[in-house]
Amino acid sequence: MHHRTAIRLAASATAVIAAVLSLTACGPDEVDGAGKTSSPAPTSAAPSSAAPASASPAPTGAPASGSAGRGAPTASGAPVSPASDTSARTAPACSASAVEATARQAAHRPDGTGTGAAVVEFTNVSGHACVLRGHPTVAGAGNGSPEHNSPLKVTPTGLASPVRLSPGGKAWVKLTFVQVQGEGDGYCASGAKPAVYPTLVVGLPGAGAHQVALSDGEFAECDNTVTATAVSAAKPS
């Protein structure tokens, strides 16, 4: 009886020792590895290749760099320059003494035997640039005094723009008359008597009045009316 009890106790002791040895055989790495598998990845870690956050965009209404002081761009991207005064506006008006005027019969004129049309040329004879502008006044020159002049009714044609004349520069107006018809003294279609003037007095706004004679005859016209272009830098024919 005592012998069987001792055997059982010895067997139990052996089982306990075997259990303890099996527990100590498990390395710490295996325990830690199980813990690492269940732990979440740290959220603070960032990949080393991640790009830095981009800078905040410029406000919508802010001008692009380098564009300060420029005009607004067009659809093509080119800046639009602000409007500026032309050189014609910055030069003074031509005075009467700054201008000389001459006249010739125009190459293109109404059919008839009178003058038909004349071109008046204005030349800047001053030493500085100046400006002519507007439509002319026209009068048949009287003898001895401006009070004897015979004003013609002027019908203006075309838009008037300032014309800048450098020293020696030229500008022109064209005068188209109601043409005289017939031979000899001729006649007017209206029944009026033709008028003949050795010279005309042609004026421009701010530039005085200038007496001109044709280089090839006299001014013969009907009805004391004339159609006049505005002074222009383009030479008429």
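The values are calculated or read from the model by the stated rules, or taken from the named source; none is laboratory data. Remember, predicted model here, so these are calculated numbers, not experimental data. Every residue, glycine among them, receives a Cβ derived from its backbone with ideal geometry; neighbour counts consider all protein chains shown. Calculation scope for accessible area: heavy atoms of the full protein, side chains included, ligands and nucleic acids excluded. Shrake-Rupley method; radii C 1.70, N 1.55, O 1.52, S 1.80 Å.
Inspect all residues belonging to segment 198-208 and state whether any of them is assigned to a strand (DSSP E or B), free of Cβ contacts under 8 Å to residues at least 40 places away in the same chain and either in contact with a helix residue (DSSP H, G or I) (Cβ under 9 Å, 6 or more places away or on another chain) or not β-branched (V, I, T) (or both).
The answer is no, given that none of the residues of segment 198-208 is assigned to a strand (DSSP E or B), free of Cβ contacts under 8 Å to residues at least 40 places away in the same chain and either in contact with a helix residue (DSSP H, G or I) (Cβ under 9 Å, 6 or more places away or on another chain) or not β-branched (V, I, T) (or both).
Before we move on, is S166 surrounded by fewer than 16 Cβ atoms within 10 Å (Cβ to Cβ), closer than 19 Å to L214 by Cβ and in contact (Cβ under 8 Å) with a residue 24 or more places away in the chain? Taking the combined requirement at face value, the residue does not satisfy it. In summary, S161 fulfils each of the numbered conditions (1) under 21 Å from A118 (Cβ atoms); (2) out of contact with any Leu (no Cβ under 6 Å at 6 or more places or on another chain); (3) in contact (Cβ under 8 Å) with a residue 12 or more places away in the chain; (4) open to solvent by less than 70 Å² (accessible area, probe 1.4 Å) with the single exception of condition (1). Given the structure, is A129 modelled with pLDDT of 95 or more and over 36 Å from the mean Cα position of the chain (by Cα)? So A129 does not fit the description; no. In the set (1) open to solvent by 40 Å² or more (accessible area, probe 1.4 Å); (2) over 14 Å from A117 (Cα atoms), the condition left unmet by A230 is number (1). Applying the condition of being closer than 19 Å to E100 by Cβ and among the aliphatic types (A, V, I, L, M) to segment 201-227 and asking which residue is surrounded by the most Cβ atoms within 10 Å (Cβ to Cβ) yields L204. Here the condition is being part of a loop (DSSP other than H, G, I, E, B) and under 25 Å from R109 (Cα atoms); of G184, G168, it holds for G184 alone.
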